[in-house]
1. List the strands (runs of 3 or more DSSP E) inside region 28-119, counting only whole elements, that have at least 1 residues being within 13 Å of ligand 1 (Cβ to nearest atom) and modelled with pLDDT of 95 or more.
2. Can you tell me which residue is nearest to Ile20 (Cα to Cα) among those in region 60-103 that are within 15 Å of the chain's Cα centre (by Cα) and more than 16 Å from ligand 3 (Cβ to nearest atom)?
3. Residue by residue through region 324-336, note down the ones that are touching a residue at least 12 places away in the same chain (Cβ under 8 Å), of a type in the set (A, V, I, L, M, F, W, C) and away from ligand 1 (no atom under 16 Å from the Cβ).
4. Just the residues that are closer than 21 Å to Pro118 by Cα and surrounded by 17 or more Cβ atoms within 10 Å (Cβ to Cβ), please, taken from region 6-27.
5. Looking at the structure I just gave you, is Asp358 without any contact (Cβ under 8 Å) to a residue 24 or more places away in the chain and either in contact with a strand residue (DSSP E or B) (Cβ under 9 Å, 6 or more places away or on another chain) or of a type in the set (D, E, K, R) (or both)?
6. With the condition kept exactly as written, say whether any residue in region 197-206 is surrounded by fewer than 24 Cβ atoms within 10 Å (Cβ to Cβ), in contact with a strand residue (DSSP E or B) (Cβ under 9 Å, 6 or more places away or on another chain) and not hydrophobic (A, V, I, L, M, F, W, C).
7. Here are the criteria: (1) hydrophobic (A, V, I, L, M, F, W, C); (2) within 24 Å of Gly362 (Cβ to Cβ); (3) crowded, with 24+ Cβ neighbours inside 10 Å. Tell me which single one Met46 does not satisfy.
8. Does Cys165 fit the bill of being within 13 Å of ligand 2 (Cβ to nearest atom), assigned to a helix (DSSP H, G or I), in contact with a His (Cβ under 8 Å, 6 or more places away or on another chain) and not hydroxyl-bearing (Ser, Thr, Tyr)?
Amino acid sequence: MKSRAAVLYGENQEFKVEEIEVDEPKENEVLVHLAATGLCHSDYHMVTGEYGPLHFPMIGGHEGAGVIESVGPGVTRVKPGDHVLLTFIPSCGRCRFCSMGLGFLCDMGANLIAGPQPDGTFRMHTTDGQDAGQFCHLGTFSEYTIVPEASIVPLDEDMPMDRVCIVGCCVPTGFGSAVNKANVQPGETVVVFGIGGVGINAVQGAAVKGAARVVAVDPVDFKLETAEELGATHTINPNREDPAEKVVELTNGVGADKAIITIDNVMPEHVGQAFSAIRKGGRVVVTGVANARHQHIDVSPFELTLFAKEVVGSMYGDSNVYADLPRYLGLYRAGKLKVDELTTRTYSHDEINQGYQDMLDGKNIRGVIVYDWAR
Ligand SMILES: NC(=O)c1ccc[n+]([C@@H]2O[C@H](COP(=O)([O-])OP(=O)(O)OC[C@H]3O[C@@H](n4cnc5c(N)ncnc54)[C@H](O)[C@@H]3O)[C@@H](O)[C@H]2O)c1
Ligand SMILES: [Zn+2]
Ligand SMILES: [Zn+2]
């Protein structure tokens, strides 16, 4: 079938919105008509080349919500007409990692950024016959998409898809980075470096868990103001103050219990800065993505040992999507997790390049594309 899609033909190019060809769903796959998709920074790393070599053309997008159009053979969990949220890592439920409760490391996600579906073949094609990759096996920048059944979570029909689409990535990633990986405890001091779509949810996660101090760090004042509205107790603009020094001062020389890095382009020195901001036995959670060519972090191994500090990575906020996404949606329904407020602006499909420019210019907590039929 035909679909309109924002196609990326190579690094440092704009997305080209044009017609593409989408196949029929194969075994254990579903065809989804998307209502909306968030503009996460993870898609933009393809533009800047931070992931290293990729398959092009590529259809980006991985924060999607929509309606099942049709299902392939063997699909049992959903039927046409069902509303669904797409998950940016599939969860097969039976690999070693899914079985251990580490669904965010599911083996089915092994080639997440490579382009083809998990079986190595393509479902999207440009009109001149090239196979187009689908970022995270999703490619939600195409209005219609084929995805594995393992990449969907059913969504209640009264959930506004143009708002909750971001529960596909930035909400669980940020919230879970605080709640799961940082394991924030009541009364702790938590520092969040980088207040984009992911970081604002780390702020919310820390606040929900009862952190006494939630310190938001970002060079853009609008981000800091938003963080204060959503649970931050203190803010630091690194262009004006040294974040590590300020946090140590705030905690009477002790340091923060936890630091979460949700900066868009994580540099070795950002990890060093967070490491200097935490107390003895504290934990740094690295959630933001670094350029794949970096091979080190600026951390003193001496201090790592003698102060028994921890530096850990986190994917998807350590969320197990079938269990955790419905819980996060429940918190949203109960008014305890803000989601509507995180979409600063919505865009039409044709405005995708403007949406990403606004992200780079620091104008959005999250930009969201709402497809015409769902506007
Ligand atoms: N680990 C995962 O599972 C996962 C999932 C989704 C996104 N990510 C990654 O998380 C990162 C954030 O994504 P996003 O969509 O929120 O990006 P974003 O661009 O919306 O937000 C990044 C924020 O970092 C701020 N920033 C830049 N330099 C800073 C500095 N030195 N100190 C403090 N703040 C600084 C920016 O001003 C911006 O507000 C990206 O690298 C993205 O790829 C990781
Ligand atoms: Zn994302
Ligand atoms: Zn699995």
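1. Where strands (runs of 3 or more DSSP E) fall fully within region 28-119 and carry at least 1 residues being within 13 Å of ligand 1 (Cβ to nearest atom) and modelled with pLDDT of 95 or more, they are 29-38.
2. Ranking the candidates gives Gly60 first.
3. Residues satisfying the conditions are Leu329, Leu331.
4. Result: Val7, Leu8, Ile20, Val22, Pro25.
5. Taking the combined requirement at face value, the residue satisfies it.
6. Within region 197-206 (the criterion being surrounded by fewer than 24 Cβ atoms within 10 Å (Cβ to Cβ), in contact with a strand residue (DSSP E or B) (Cβ under 9 Å, 6 or more places away or on another chain) and not hydrophobic (A, V, I, L, M, F, W, C)), the answer is no, since none of the residues qualifies.
7. Tallying (1) hydrophobic (A, V, I, L, M, F, W, C); (2) within 24 Å of Gly362 (Cβ to Cβ); (3) crowded, with 24+ Cβ neighbours inside 10 Å, Met46 fails exactly one: (3).
8. Taking the combined requirement at face value, the residue does not satisfy it.
The values are calculated or read from the model by the stated rules, or taken from the named source; none is laboratory data. Worth saying up front: this structure is predicted, and the values here are computed from it rather than measured. FYI the Cβ positions are ideal-geometry reconstructions off the backbone, even for glycines, and counts take in every protein chain you see.
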